[in-house]
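Q: Take a look at this one; I'll ask things after.
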Amino acid sequence: MAQLPDPDKNLLEAMFQLPGKSITGAPPPRSIQTPMPIGRPPRRAREVAQTSYGTNITTVDTSEIMEPSSEISVPDRDDDSDFEDPRVLTKTKTRRTGTRGRGKRTQGATIHQRSRTEQEGESSLFEIVKLGSVALSAVVDDWIESYKQDRDTALLDLIQFFIHCSGCKGRITVQMYQSMEHAEIIRKMTEQFDEDSGDYPLIMSGPQWKKFRTNFCDFIMVLVRQCQYSIIYDQYMMDNVISLLTGLTDSQVRAFRHTSTLASMKLMTALVDVALNLSISLDHTQRQYEAERAKNRNKQASERLEMLMAKRQEIEENQEEIRNMLTYIFKGVFVHRYRDTQPDIRSICMAEIGVWMKRYPGMFLDDSYLKYVGWTLYDRVGDVRLCCLRCLLPLYDTDELAPKLELFTNRFKDRIVEMTLDKEYDVAVQAVKLVIEIFKFSENVLADKDCENVYELVYSSHRAVAQAAGEFLNTKLFSKENEEAKNLKTKKGKKRSENTPLIRDLVQFFIESELHEHGAYLVDSLWEINDMLKDWECMTDLLLEEPGRGEEAMDDRQETSLIEIMICCVKQAATGEYPVGRGPTRKLTTKESKQVMEDKTKLTEHFIVTLPQLLAKYNVDAEKVANLLQIPLYFDLEIYTTSRQEKNLDLLLRHICDIVDKHTDSEVLENCSKVLENFCNENFAISGKSNVARSTLIDALVQRYKEAFQEFFQEGEEPDEDDAYALMASLKRIYAFYCCHDLNSWGLWDSLFAIVKGGQDGNTIPEEIVCKAIACCSHAVLWFLEGLNESNPDKTQMKELKKRVGHFFKTCHQLMYHQQDKIQEEAYITICDLLIVFSKNLSNTPTFEPLAYEPDKNLQLQLSGFLNDKVFIEDDDDDMDENQKIEELHKRRNFLASFCKLVVYNVVVIRNAADMFKYYMRFYNDYGDIIKATLGKAREINKVSTAKTLALSLIQLFTELQQEQGWNVDRTSEGYQAIKELARRFSLSFGLDQIKNREAVAAMHKEGILFCVNPLENSQMPEGPPPNIAFLEILAEFSNKLMRQDKKVVLAFLDRQFPGPIPQEDNELWAPYLMYRSYLVQGEGDVSMPANKTITVAKRGRAAKRKQKAADDTGMWQVKDSHTPARGIPGPLTSTVIKRRRTEPDQESEPGTESELGSEREFEGEQTSQQVSLSGRQRHKRLANRRANSSYTRRRRQQQRQVKHLGSLTFIADLVTVSNKISRLLRLCDSNSTPVEKSPVSIVVQVAESSEDSEELFEKPGKSFVKRTLLVRSVRNARRSRNRTASIFTGISSIPEDLAVRHQRHVSLLMLIPCLTICLFSFL
């Protein structure tokens, strides 16, 4: 494409230049820009409009393109607020000086004073459009007739229609319409708008409102279309409508902005259609004029020429008028709303600008408009980005428009390619489709790196993205016609398929992608795009036929890849299923099922003949044979008989027997076994011949196995490597056929179990042989069970089976202690699998109930201990390959899943899962999904047992930490914090339903408290707390799951477990107890510390004070989080007053309910069950007496005096804090508030001493500066309290600061300043 001249090129580059950075960077921030003048200039002011907009609307000033700094940027927000930032709008309003108002109405116009009630009823435009019962064209015709009779009244109806469509119930009266400008009307409607409701018609759900949105858009389009010949040019209707909509788009109310923006954009789309009609009329008139002028002078009609010239001039003037309207709406609405804070509004702008560019490219398909789409490609909301791509796609798809996008493509190509990896799949799909259109437009635009980024998406797990990438791959590599391919022939002269070069390219692409295990993904991506994947003859000819002249022979790697792709194609054609991970399992439609049957028949007819040839050629290559043996699994086996292909069947069975004899690869042998199982199905006629071949083959395999067994266990001789290899090869074949066929009739159990028992002797038998023998015995047991008759089983067979199962379990249990890891793992997997089969669930069949096997306690502990040794271990081997690490992780996940199945099916006790649950957080990335699912299933079995198991897992971790650090663990250490984090996760797993988990949570608290007091005496510090006291801080994470009445029960139980007074020395050691107790006391005003306990608040550092101050500032009105305060701070028990959340009466459960009894039962009678002896309590009392008679008393008194002094300082500091807080509140007061007439002190005293009716002093209608009720109740508490000053101080500090910001009307808070003065002097 020719290069643009330098001046034009520089100008176009400047159009795309982003503010402060290059064009390829991110877009400018969304902002609420200074609105365009309200009211469109009339035609008589066209010169002014041309001066404002420029004589050539396609020429854009670079200062405007650079996004002038006068626009006010706002940060991106995800909130769904109905209002924009009022501060920004305030600044915006200041820049509206000198703007024009709406179009002036005709002075002295008569307005019919008809009733507006009828308009608001069913006959209003809003109701008619909402119901949709009348054709919109008829509605518009009626409105036009009304407009012709009285345009002010009709226009008022239209304006009211837009107001009602925004969800505003306000009504514009005739007086308002006559006396107010549009801006004043909008301001009045904003005041009448319902702020509490966030719904309005455009976002309301339901079929009615969805239909309304469509009718609303259609109404605007029909209105403009039917007014396009007269009314829209009267300089009145369009002036007022555009003025109103432009003003509404600048509103703070989201409903107004959203509705008016949609109306403006649809109005602009309708005007674009009018402009197109004018262009067509102008062309038609011009041709008529030229034809008339081309006539001879004698035949020319001067009147007709003058008429055509006048008509042309009128059309041009109308066209200019429409262009001015479009330009004004674009600059007044679109330029500001395309980066509105609401994504729905931005999406509307992007969707409509694409329509304008497609319909009216002469005006809008220009770089000055395309830049807005390019900038919005960087929007952080997926729907907006999607709209941008959708508006660009039809432009590139049109041959006439694509060349005009050259500069845009060069500037934003990288961003479009980058969006193919978008996190929103719909956006990624559209981005790939757009890249395809760009490639079709110009193949040189995309670099190789860009194409590679799209190539890789064919392996995406999302099918739509993968198919889009497959379409790009097909367009790039497989759409070119190759004339040479039509003349290709094999060496024997057979003509090659036209798809031969394409298949070769596909194989090469698959090899270079280095993702050979994902061949099914590649095939699925191209399956519905290119038919070459069903060209079976082309694929087999490439494998069987020798290359002809001019062809290159395929190497071994290419043949392997081609066979793998061919197998994936066969599976896709025969089943119609998507690969694993490419969407959910679905049911095929009738059309798809018919297509699958046709494809299955075709591939069967072809491979019945060619598969024996392929097996004969590649019978030595294990990898190729393993893949080829999957093809018969998808055959339509009836074709063997209907097409008389018995000869090919015999040939195939012969090749299978030969392959089994030659190979020992597990995958090859298993595929052979599956093919024979499929062929021996009694539903097919070929089953008889297949059964004969299978029996013959198994006879040979059993004979070889017995010979190898005799050779290996021959007495007097040590087996050599050849004997071990022969036995191992025979066991592999036996195991492969045991998986699909019942071999028990050949009498293999005794020899196989002998090998298993021989594995206990040590290393005399290789571990591979023992593992394979264990697997064979496991399948033998299952086939024994399968052979029993459910209705009337043979008792002798059942007795024999029970005996074999018991011996086998016992032997495998012993093998779990073997020195070899592989034997341990195989024994573990076998035990887990058989325990599921022979579990208590087997008793569902009454005749099989004696066969149920219940594992003993030692076996259960051994299974759970296996996880600690083999699963929950760190990978410290950095030399291990990444693929090996992945395989090792999969193996460990299989081990864990095997044990979890035992828990889920209630085979092992839930308590044994404690060793697994304690690693939930530590190995969350590897096993978190498995453990979480198991925890959920365990709760379904028994919530209480599961809760106790979680408590046990925390206790185990705490005990391990004590073994490392001693009894006085460091509560700031990483290990302790990890236990607390695990406890927090366990707490979150209980959910929000406290009643449902009531007993379980109570049981957990009981287990934790009993652990803390057992033992009660501290052997290392006799005068100190119990050694496990620190566990209470961990247990506090579950306190928020207790119901209010249950906290009292738990608190009483806690007090019974900790007898005697609590010493104040070494208070840090008792901090967990104080913290846990404070969480239980929190919100319970009638619960206090027992008389025999004295608690001293722990010292707090600066960081703790700052944290407490932050908590005071934010308030305690929200539900307490489950986090634990900093070390040394006993939670809410501080010197400052607690601000507690008021609990509504309906949120509390009534005492005495059934759920309450359940939790209390957990704590009844625990005094007799605990392990604390009476002698221990007596020792505590004697210890207290000795302390009283020692010098400890003097030290304690001195400490109390210091605490009093510190308390005074704390009170003063808190007083200063609250004073600062009230100062901040006072600064927010409204300067126009009415001063208080009474003395503040007299008001407070009057309220404090008044009756309950005193609350009416503050509960007057309207919004207040603070909640008066809080102040009244706080002062009333002062009357009931002994220390009135402290209680008033409590009320002051509990006032929420956020209420002051919301309601700025009154200054009743001024009365609190003298109260603070009284407090201070009373204390001094």
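Q: If I take every Cα pair under 8 Å that is 6 or more residues apart in segment 212-344, average their sequence separation and divide by the length, what percent do I get for the relative contact order?
A: Relative contact order of segment 212-344: 29 percent.
Q: Modelled label-to-label distance, N487 and S843, 7 Å Cα→beta-carbon offset: nm?
A: 8.2 nm
Q: Between rounded, prolate and oblate, where does segment 602-738 land on the alpha carbon gyration tensor, with a ≥ b ≥ c its root eigenvalues, rounded for a/c under 1.5, else prolate if a/b exceeds b/c?
A: prolate
Q: Taking the Cα centre of segment 205-337 as origin, sum charge times position over the Cβ atoms of Lys and Arg (+1) and Asp and Glu (-1), and report the length of that vector in debye to the nearest 20.
A: Using only the charged Cβ atoms, the result is roughly 540 debye.
Q: Let me ask something else about it. Please name which of F212, S179, F193 has its Cα lying farthest along the dipole of segment 176-218 towards the positive end, using unit charges on Cβ (Lys, Arg +1; Asp, Glu -1) and the Cα centre as origin.
A: Selected residue: F212.
Q: Taking the Cα centre of segment 379-441 as origin, sum charge times position over the Cβ atoms of Lys and Arg (+1) and Asp and Glu (-1), and report the length of that vector in debye to the nearest 20.
A: 140 debye
Q: While we're looking at this one, here's another question. Could you tell me the distance between the Cα centroids of segment 622-701 and segment 559-590, to the nearest Å?
A: When both Cα centres are located, 22 Å separates them.
Q: For E406 and Q965 in the same chain, what is the full-extension length gain: residue separation times 0.36 nm, less their Cα-Cα distance, in nm?
A: Here the answer is 194.2 nm.
Q: Could you tally the net charge around E452, taking each other residue with its Cβ under 13 Å from the Cβ of E452, Lys/Arg +1 and Asp/Glu -1?
A: Computed value for this residue: -3.
Q: Given contacts defined as C-alpha pairs under 8 Å and at least six residues apart, what's the relative contact order of segment 860-932, whole-number percent?
A: 43 percent
Q: So between R654 and F713, what do we pick up on full extension, going 0.36 nm a residue minus the alpha carbon distance?
A: That pair, R654 and F713, stretches by 18.0 nm at full extension.
Q: Label segment 880-1006 by shape, choosing from rounded, prolate and oblate, from the square roots a ≥ b ≥ c of the eigenvalues of the Cα gyration tensor; if a/c is under 1.5 it is rounded, and otherwise prolate applies when a/b is larger than b/c, oblate when it is not.
A: Oblate, because a/c is 1.5 or more while a/b does not exceed b/c.
Q: Expressed as a rounded percentage, what relative contact order does segment 322-409 have, with Cα pairs under 8 Å and six or more residues apart?
A: Dividing the mean separation by the residue count of segment 322-409 yields 27 percent.
Q: Only residues of segment 507-531 count here: report those whose backbone N is under 16 Å from the spot 7 Å along Cα→Cβ of S479, or say none.
A: Taking a point 7 Å out along Cα→Cβ of S479, the residues of segment 507-531 whose backbone N falls under 16 Å are 526-531.
Q: Charges on Cβ only, +1 for Lys and Arg, -1 for Asp and Glu, centred on the Cα centroid of segment 435-516; of T490, V435, L446, which one is farthest towards the dipole's positive end?
A: T490
Q: So which of K492/K647; K423/K571; K772/K870 end up more than 27 Å apart, counting from Cα to Cα?
A: K423/K571
Q: Packing-wise, with mean Cβ within 10 Å as the measure, how do 918-927, 546-555, 172-181 rank, highest first?
A: Ranked from most to least packed, the peptides come out as 918-927, 172-181, 546-555.
Q: For a quick check of your reading of the filter: which trypsin sites (Lys or Arg not before Pro) in segment 606-708 sit in a DSSP loop and have no more than 16 other Cβ atoms within 10 Å?
A: R644
Q: Compute the FRET efficiency between S513 and Q149 as 1/(1 + (r/R0)^6), taking r as their Cβ-Cβ distance and R0 = 60 Å, and round to the nearest 0.05.
A: Approximately 0.25, to the nearest 0.05.
Q: Among F334, N318, S347, flag the residue with its Cα farthest along the positive direction of the charge dipole of segment 299-349, charges on Cβ as +1 for Lys/Arg and -1 for Asp/Glu.
A: The one lying farthest along the dipole's positive direction is S347.
Q: Still on this structure, please answer the following. Work out the length of the dipole vector of segment 886-954 about its Cα centre, built from +1 on the beta-carbon of each Lys and Arg and -1 on the beta-carbon of each Asp and Glu, and round it to the nearest 20 debye.
A: For segment 886-954, the charge dipole is close to 240 debye.
Q: So, one more: Taking 20 °C and 1.002 mPa s as the conditions, I'd like the Stokes-Einstein D for segment 431-513 in µm²/s, using the Kirkwood hydrodynamic radius from alpha carbon pairs.
A: 151 µm²/s
Q: Right, here's the next one. From the Cα gyration tensor of segment 363-483, with a ≥ b ≥ c the square roots of its eigenvalues, which class applies: rounded if a/c is under 1.5, or else prolate if a/b is larger than b/c, or else oblate?
A: Cα axes put segment 363-483 in the oblate bin.
Q: Local charge sum around E854 (other residues, Cβ-Cβ under 14 Å, Lys/Arg +1, Asp/Glu -1)?
A: So the environment of E854 carries a net charge of +2.
A short reminder: the numbers here are calculations on the coordinates, not readings from a lab. Quantities reported herein were computed from a predicted structural model and do not represent experimental measurements. A quick note on method: Cβ atoms are made from the backbone with ideal geometry, for glycine too, and the neighbour counts reach across all protein chains shown.
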